[in-house]
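Q: Please find one structure pasted underneath; my questions will follow.
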Ligand SMILES: *Cc1c(COP(=O)(O)O)cnc(C)c1O
């Protein structure tokens, strides 16, 4: 019998949906024209791009000419922040963001700080939510941009983006949100939220890797990030990755269409996993907000357990999870997000993220709940601190 394999790392990436794959394939070998060419091959490719743009626009509640394809979610974040910063530096040099953003955002802000911009990194509470009062207090005459993520990739906490948008609008400040994790898990309507710029990425919603979208509301002052030819209405140069664009369009369409049914199923699996862990394993803490959290996100700290050891043991049992975020695993620095919600270095190091996806079943959850407790128990037996705490008795 082959060993069970359970992939619960969907915040790192997802498989490509068969329908997405099917629509992409002809654009590699059959419809391979350059969308800028005027002959029929070019027009076919151009037509596919137009259709994909319409699908993304419909999924976000945007107009088609507000949708710009990029090379990744990271590039969309870079473009939003650098583009607005450089285009509006005559008005001010101050940017407000949070301490729990993705590195695509944080490292971009750190770069801008080296180039004359001032950045305020807002604190979050123990659940990972910002305070609207602190946001209001951080705003100055020189503030040109607020960039706050829709939902966090590590702990799943959802921010009050509608209220943030209202505050930004009232003060005449642009508001960007990184919605890479929110897409497919939360309803997104850019007009309803009132956001000015919004980033998404295909590979987090069963699309291909290496393609993202930046929504730019009409009339926003923003510089280009990538210079060159006239692609993307002179806003983002480089011959378009047509197959990936087609994949992004289909993935966004499916994400929006399946949203209700998907989140209902994910929430039920998520809560089965959360309740099961709390029931079976002592000394655990759920990280992130209890209710304002992504339907597919489970993040726990296990006292007296080393996160990397936990991951490796789970991997041997066929379970693919993550400690903190995929970008920080591989380094020994504890996650900046877990530190920002007030965890100690030790507790942050003993954290495990499991993010569910379309392929997961109740059997997968039950398999995790069967495998995880003895693994955590065994690792704790190796911990001198745990022995002290429990008087040598293990009570899992
Ligand atoms: C994955 C992710 C990104 C980066 O997107 P890529 O397409 O992988 O570059 C940005 N922000 C968040 C919140 C993410 O989860």
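The values are calculated or read from the model by the stated rules, or taken from the named source; none is laboratory data. Small disclaimer: the values here were computed from a predicted structure and weren't measured. Here Cβ is always computed from backbone atoms with ideal geometry, including for glycine, and neighbour counts include all displayed protein chains.
Q: Can you tell me how many residues in region 227-244 are out of contact with any helix residue (DSSP H, G or I) (no Cβ under 8 Å at 6 or more places or on another chain), outside any helix (DSSP H, G or I) and in contact (Cβ under 8 Å) with a residue 24 or more places away in the chain?
A: 4
Q: Going through 3, 114, 99 one at a time, which residue ends up being at pLDDT below 95 and more than 22 Å from residue 256 (Cα to Cα)?
A: 3
Q: Okay, next question. So which residues in region 167-192 are under 28 Å from residue 270 (Cβ atoms) and out of contact with any strand residue (DSSP E or B) (no Cβ under 8 Å at 6 or more places or on another chain)?
A: 184, 187, 189, 192 - these are the residues of region 167-192 that are under 28 Å from residue 270 (Cβ atoms) and out of contact with any strand residue (DSSP E or B) (no Cβ under 8 Å at 6 or more places or on another chain).
Q: Among strands (runs of 3 or more DSSP E) lying entirely in region 67-138, which contain 2 or more residues that are away from the ligand (no atom under 16 Å from the Cβ)?
A: 94-98, 118-122
Q: Moving on to the next point. Go through 142, 147, 72 for me and flag whichever is surrounded by fewer than 24 Cβ atoms within 10 Å (Cβ to Cβ), under 25 Å from residue 203 (Cβ atoms) and touching a strand residue (DSSP E or B) at 6+ places or on another chain (Cβ under 7 Å).
A: Exactly one residue qualifies, and that residue is 72.
Q: Also, I was wondering about something else. Go through region 1-32 and give me each residue that's within 16 Å of the ligand (Cβ to nearest atom) and exposed (fewer than 14 other Cβ atoms within 10 Å of the Cβ).
A: none
Q: Is it the case that region 2-11 has a residue that's over 32 Å from the mean Cα position of the chain (by Cα) and in a loop (DSSP other than H, G, I, E, B)?
A: Scanning region 2-11 turns up at least one residue that is over 32 Å from the mean Cα position of the chain (by Cα) and in a loop (DSSP other than H, G, I, E, B).
Q: Residue 209 - would you say it is touching a residue at least 12 places away in the same chain (Cβ under 8 Å) and more than 13 Å from the ligand (Cβ to nearest atom)?
A: no
Q: Checking residue 149 against (1) within 20 Å of residue 293 (Cα to Cα); (2) away from the ligand (no atom under 16 Å from the Cβ), which single condition isn't satisfied?
A: (2) is the only condition that residue 149 fails.
Q: Which of the residues belonging to region 183-205 are under 26 Å from residue 22 (Cβ atoms), within 13 Å of the ligand (Cβ to nearest atom) and buried (at least 24 other Cβ atoms within 10 Å of the Cβ)?
A: If the condition is that a residue be under 26 Å from residue 22 (Cβ atoms), within 13 Å of the ligand (Cβ to nearest atom) and buried (at least 24 other Cβ atoms within 10 Å of the Cβ), then 183, 184, 185, 200, 201, 202, 204, 205 are the ones that fit.
Q: Can you pull out the residues in region 153-189 that are at positive phi and out of contact with any helix residue (DSSP H, G or I) (no Cβ under 8 Å at 6 or more places or on another chain)?
A: Within region 153-189, 156, 172 meet the criteria.
Q: Counting only residues that are at pLDDT 95 or above, give me the helices (runs of 4 or more DSSP H) lying completely in region 248-363 with at least 1 of them.
A: Correct list: 259-280, 307-316, 336-340.
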